[in-house]
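Below is one structure, written out as structure tokens, with a few remarks after it.
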Amino acid sequence: MNACRWARRLGATMLLLFCLCRVSAAWAEDAKSGTPAPEPAKTEAKTEEAKSAAPAPDPHVSQDPTGGTVGGDYGPEWAGAAKPGEPTMDEMKAQILKLRGGLNLFWTCLAGFLVFFMQAGFAMVETGFTRAKNAAHCMGMNMMVFVIGFIGYYICGFALMFGGFGALGTLGGANLQDGMFKIGDWGICGTKGFFMHGFFDSQVLAFYMFQMVFMDTAATIPTGSMAERIKWSAFVWMSFFITMVTYPLVGCWVWGGGWLAQIGAKWGWGMGAIDFSGSGVIHMVGGWTALAGAIVLGPRIGKFDKKGNARAIPGHDVPMAVIGTIILFFGWFGFNPGSTLAATDGILSVAAVNTMIAGVFGGFSSMLYMMHVHQAKKPDVGMMCNGILAGLVAITAPCAFVSPTASVIIGVTAGVLVVLAVVFVENTLKIDDPVGAFSVHGVNGLFGVLAVGLFACGTYGAGLNGVPNVHGKFGVLGMFPIGALDPETPWFYMGQMKAQLFYGVVDALFVFGLEFAFFKVYHAVWGLRVSEEDEIAGLDVPEMGTPAYPDFTIRESHAGVAEMTAEPAPMPVAVKKPSPA
């Protein structure tokens, strides 16, 4: 894999150097022959003349499914006088722009592949933190949520979310996503691209692939909070609902040009709702859905004693969960830097480094808290995993807008916050969340949304959501340590904080309310939860038809049904055959 990746990078670099060398050669030839360079005014006149002579392109016809014109359609307007056999400067410029578009397209696809690999990490974390008798059920959900989610997103999810998004600036191509349903001037949802109809275009399809794996992350989060007791049929319909309704609507409001993105330009609240990679759009949607599902389902049998005190139900494979966490950390480098949709955007490296910083410090702070503050006084491998993931979730929204110092603060805070949230949800709210899905994604997703309003330093972000100026600082604290406020716009930073707070509240209330209603209705009509007998026996055979570990037997321990152990089944004894006489 490394060799292929470096080979592709080397090829792209060599192609870029070749184009630059051709430009240099053309300049050198002109200087040697004494031919003066074309005057800018004449070149512009020729360009304008070519533009007027060429017919206006139809954006709905100039589709390019092969990607042959990646980076833009550079036709007659780039034509200019040249010596026979030599490209003009305008043609060279067009080729460089085409190369830039190709690099951006390649990076977007590569980042999408990395995010897709995160599904393996989610499957391993969730399965490792649950019991062996439910391993096949947990693995099955984490595999099929991608399949089901893809179908739902293909049918209507992408259309509702990005049907009115507009042209893809970094990828080039035609403006095909131009249908938006509005109430007044406020965008609500897209109206084009159902079943991907009319989107047979290389740039739009690359964008779809990248957004589809994002959707998969939001859909898989609730499976962790509802593990070990949800019916398979209920899981299927839950996956369709979140990918076809809940996630696309929130995504349109923030990323698709919808009303939360417009509050900056219309209400003067900073730049409107800002979420670079999805702390709110992805992780809050998944996390608050997880909370609603866990409440309606109720706790696992044996989780709480008669007095309401929580009992620990250890996962059956901690090493699997650790490996899954490492895979998720790796995939996050596609998650956050990939949201640039451009290999040529320098903020890519900033997002990558800030992502690494927050994840590292999240895991470290959770470890220290468990060792020195929590009553256990032990580092706790599970909490270290959740601390790393909490730091990654919290930095997802602000990764492109904050300094490395702010990333340290975000990571440290998230690592402690996830421990406090797990304890509060379990001991105070009496909600059973087997893997801490709500604490990691719901709580720290909200913190990540607010972190933009707290720590954004204003170096990057001008022009987002139609607000052209940042004026140096748009977070309350900005670049740490706190600097002087911009005298031209002293309240601009507070406006961004208001936008982020409003966005976080709307996200949480809408997602929790909608999903809670869905789960309540479904549970009343068809039932969300498996029978008590199936839950005690384990869901692998009753729900899936096959055990995850057929070479092992699962038995009840003396402590009761809540504690299950696995031991090797008796091995057959080989019978020695007598030697032939």
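The values are calculated or read from the model by the stated rules, or taken from the named source; none is laboratory data. Everything numeric here is computed off the predicted structure, so don't read it as measured data. Glycine gets a Cβ as well: all are built from the backbone with ideal geometry, and neighbour counts include every protein chain shown.
Among the residues of the stretch 405-425, are any over 15 Å from residue 444 (Cα atoms), buried (at least 22 other Cβ atoms within 10 Å of the Cβ) and not hydrophobic (A, V, I, L, M, F, W, C)?
no
Being in contact with a Leu (Cβ under 6 Å, 6 or more places away or on another chain), in contact (Cβ under 8 Å) with a residue 60 or more places away in the chain and among the β-branched types (Val, Ile, Thr): is that true of residue 254 here?
Details: in contact with a Leu (Cβ under 6 Å, 6 or more places away or on another chain): yes; in contact (Cβ under 8 Å) with a residue 60 or more places away in the chain: yes; among the β-branched types (Val, Ile, Thr): yes.
It is true that residue 254 is in contact with a Leu (Cβ under 6 Å, 6 or more places away or on another chain), in contact (Cβ under 8 Å) with a residue 60 or more places away in the chain and among the β-branched types (Val, Ile, Thr).
For the stretch 349-359, which positions are without any contact (Cβ under 8 Å) to a residue 60 or more places away in the chain and farther than 15 Å from residue 415 by Cβ?
Quick first cut of the stretch 349-359, residues without any contact (Cβ under 8 Å) to a residue 60 or more places away in the chain only: 349, 352-359.
If the condition is that a residue be without any contact (Cβ under 8 Å) to a residue 60 or more places away in the chain and farther than 15 Å from residue 415 by Cβ, then 349, 352, 353, 354 are the ones that fit.
Taking only the stretch 391-444 into account, find how many residues are under 21 Å from residue 339 (Cα atoms) and assigned to a loop (DSSP other than H, G, I, E, B).
So the answer is 7.
Which of (1) touching a residue at least 40 places away in the same chain (Cβ under 8 Å); (2) surrounded by 24 or more Cβ atoms within 10 Å (Cβ to Cβ) does residue 177 not meet, given it meets every other one?
Every listed condition holds for residue 177 apart from (1).
Restricting to the stretch 534-554, what's the tally of residues that are touching an Asp or Glu at 6+ places or on another chain (Cβ under 6 Å), closer than 17 Å to residue 233 by Cα and surrounded by 17 or more Cβ atoms within 10 Å (Cβ to Cβ)? Outline the logic, then answer.
Just the residues of the stretch 534-554 that are touching an Asp or Glu at 6+ places or on another chain (Cβ under 6 Å), to begin with: 542, 547-548.
Next, only the ones that are closer than 17 Å to residue 233 by Cα stay: 542.
Still in the list and also surrounded by 17 or more Cβ atoms within 10 Å (Cβ to Cβ): none.
Adding up the residues that qualify gives 0.
If only one of 312, 292, 261, 273 is hydrophobic (A, V, I, L, M, F, W, C), within 14 Å of residue 432 (Cβ to Cβ) and at pLDDT 95 or above, which one is it?
Details: 312 fails: at pLDDT 95 or above; 261 fails: within 14 Å of residue 432 (Cβ to Cβ); 273 fails: within 14 Å of residue 432 (Cβ to Cβ).
After applying the criteria, what remains is 292.
Return the total of residues in the stretch 514-533 being more than 14 Å from residue 234 (Cα to Cα) and surrounded by 16 or more Cβ atoms within 10 Å (Cβ to Cβ).
So the answer is 1.
May I ask you to say which residue of 489, 553, 565 is over 26 Å from residue 286 (Cα atoms), modelled with pLDDT of 60 or more and outside any helix (DSSP H, G or I)?
Values: 489 fails: modelled with pLDDT of 60 or more; 565 fails: modelled with pLDDT of 60 or more.
When all the criteria are applied, what remains is 553.
Out of 360, 381, 408, 353, which single residue is touching a Gly at 6+ places or on another chain (Cβ under 9 Å) and at pLDDT 95 or above? Don't jump to the end; show me each part of the working.
Working: 381 fails: touching a Gly at 6+ places or on another chain (Cβ under 9 Å); 408 fails: touching a Gly at 6+ places or on another chain (Cβ under 9 Å); 353 fails: touching a Gly at 6+ places or on another chain (Cβ under 9 Å).
The conditions single out 360.
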